[in-house]
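The values are calculated or read from the model by the stated rules, or taken from the named source; none is laboratory data. Because the structure is a prediction, the values reported are computed rather than measured. Using ideal geometry, Cβ is built from the backbone for each residue, glycine included, and neighbour counts are taken over all protein chains shown.
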Amino acid sequence: MKILVLNGPNLNMLGLREPGIYGKNSLAELEKSIKNAGGKLGMEIKCFQSNYEGALLDEIHQAGENGFQGIIINPGAFTHYSIALRDGIASIDLPVIEVHISNVHAREEFRKHSVTAPVSIGQIAGFGFYGYEMALHAMKEYVKGREV
Ligand code: DQA
């Protein structure tokens with residue numbers, strides 16, 4: 001199973017950025033732990049981070065032809081207002097799981113609304129880096145169920 005893991009704007013700053021909220025570990029450490037967890041689940045993982053909406057969209061559009069069976073995405077702040085990302089997710093026939101490191105529902109009002117969650121199969125928020133591993137497990141079950 002090939003899974004694409006996308007991280008959006010400012011997530012390259014993990015470890016430095018508001019460590020009280022996002023933790024002390026870097027994006028490189030996050031990606032290593034995701035690949036490790038994916039390996040244990042028999043998955044091949046590609047990780048990609050960009051601060052640009054268009055670069056994330058290109059990855060989303062090409063995911064099917066690149067052989068991915070699902071996408072796990074932390075759209076960062078794009079979550080709350082990017083209709084382009086929302087439409088990009090809606091335009092493909094692959095399951096997408098939205099992940100947030102922090103509990104967006106327990107923070108500022110503007111973080112409670114996600115334009116991308118309604119076109120995703122589900123959202124995981126508030127479990128730190130472990131949320132990505134939870135999403136891998138959920139994706140595996142979902143993709144297996146789809147193949148039956
Ligand atoms: C975030 C939550 C967003 O509101 C914020 O803009 C981020 C990170 C999270 O992982 O908790 O950049 O997606």
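Data table
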{"read-out": "Where a residue in segment 6-19 is farther than 16 Å from Phe48 by Cβ and part of a loop (DSSP other than H, G, I, E, B) and its partner, wherever it lies, is modelled with pLDDT of 95 or more and not aliphatic (A, V, I, L, M), with Cβ under 7 Å and at least six apart", "value": "Gly15/Lys24; Gly15/Asn25; Gly15/Ser26; Arg17/Asn10"}
{"read-out": "Residues that are of a type in the set (Val, Ile, Thr) and either under 11 Å from Ile3 (Cβ atoms) or surrounded by fewer than 16 Cβ atoms within 10 Å (Cβ to Cβ) (or both), drawn from segment 118-148", "value": "Ile121, Val143, Val148"}
{"read-out": "Subset of segment 60-93 (residues that are hydrophobic (A, V, I, L, M, F, W, C) and under 13 Å from Val5 (Cα atoms))", "value": "Ile60, Ala63, Phe68, Ile71, Ile72, Ile73"}
{"read-out": "Residue within segment 12-23 that is among the β-branched types (Val, Ile, Thr), under 26 Å from Glu108 (Cβ atoms), modelled with pLDDT of 95 or more and within 15 Å of the ligand (Cβ to nearest atom) present", "value": "yes"}
